[in-house]
Amino acid sequence: MSHVLEVQSVSKRFGGLEALHDVSLWADGEILGLIGPNGAGKTTLFNVVSGFLEPTSGQVRFRERAIQDKPAHEVVAMGIARTFQIVKPFAELTVLDNVLSGHGMPRYPSPRAFRERVHTPDNEAVARRILERTGLTRWADTPAGSLPIGLQRRLEIARALATEPDLLLLDEPAAGLTRQEADALADLIRELHAEGISLIVIEHNMHFAMNLCQRIAVLAQGEVIAEGEPAEVQNNEAVINAYLGKQGTNEVVTMGPGS
């Protein structure tokens with residue numbers, strides 16, 4: 001059985017450092033959580049899946065097509081979009097223009113083309129619908145750099161949605177948010193999932209991840225050490241040891257299919 005995304009025995013080395021070792025996991029139309037201690041390899045895995053890095057070995061398949069050798073812009077065109085742990089809006093552009101930029105270089109082949117073509121009725125209509133979906137309509141004409149962190153994280157999602165993704169990778173979307181902001185963001189993510197978008201969420205906020213995600217995969221020292229439903233993972237001894245820094249973190253404990 002094929003899945004929306006399949007990561008098959010992926011390893012990634014940076015010189016003498018192996019950031020990922022024989023990682024295999026899958027995602028299939030759900031909200032998948034990706035958790036683990038700092039330095040576990042979570043963002044490196046996102047970089048491999050989204051085309052920012054090529055794996056040293058292994059394969060990444062999206063809708064049955066191998067994509068591990070595709071550059072980032074081709075991966076986006078195929079239907080995978082992402083946000084970043086450190087928000088990166090175009091600070092001097094308005095919120096609306098940031099979302100319009102997500103249409104990409106095929107539509108705007110140069111900076112001049114972006115300035116001249118961006119504000120067409122069709123483009124703006126699409127962008128304003130995305131602003132409405134993400135709760136940003138009232139800030140459409142606000143410079144993105146002046147937004148508080150909670151709204152900038154929503155803007156990152158809005159800009160990613162402009163690429164019309166089938167799979168959305170969110171890198172610590174709740175970082176720096178208040179409990180109320182995080183709960184509202186979780187509601188938005190659930191709404192996007194209900195619309196048919198598959199999501200993988202890297203998160204250090206355990207309350208956020210355990211209450212949002214339908215399945216959890218845990219990375220430690222570049223390896224998948226556990227996988228399963230949130231309650232299973234939360235009580236898994238290898239996971240507890242990995243977060244507490246105890247010995248035994250190299251033992252691979254798998255839960256559920258696809259491990």
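Values in this text are rule-based calculations from the coordinates and carry no lab data. A quick note: this is a predicted structure, and the numbers were derived from the prediction, not measured. Note that we place each Cβ from the backbone using ideal geometry, even for glycine, and neighbour counts take in every protein chain shown.
Before moving on, here are some points about what is shown:
- Estimated at 0.36 nm per residue, the fully extended path between M206 and Q234 surpasses their Cα-Cα distance by 9.2 nm.
- The fraction of all Cα pairs in the stretch 1-111 landing in successive 5 Å bins from 0 to the largest distance is 2, 10, 19, 21, 19, 13, 10, 6, 1, 0, given as whole percents.
- Put a dot 7 Å past the Cα of E195, heading toward its Cβ, do the same for T56, and the two dots end up 3.9 nm apart.
- Net charge of neighbours whose Cβ lies under 15 Å from the Cβ of G196, counting Lys and Arg as +1 and Asp and Glu as -1: -3
- Taking label points 7 Å from Cα along the Cα-to-Cβ direction, D141 and K88 give a separation of 3.0 nm.
- When the P(r) of the stretch 127-228 is calculated, the portion above 20 Å amounts to 40% of the C-alpha pairs.
- Distance between the pseudo-spin-label points of R179 and R13 (7 Å out from Cα toward the beta carbon): 4.7 nm.
- Ranked by the mean number of other Cβ atoms within 10 Å per residue, highest first, peptides 198-206, 54-62 order as 198-206, 54-62.
- The coefficient of translational diffusion for the chain, derived via Stokes-Einstein from the alpha carbon Kirkwood radius under 25 °C and 0.890 mPa s, stands at 130 µm²/s.
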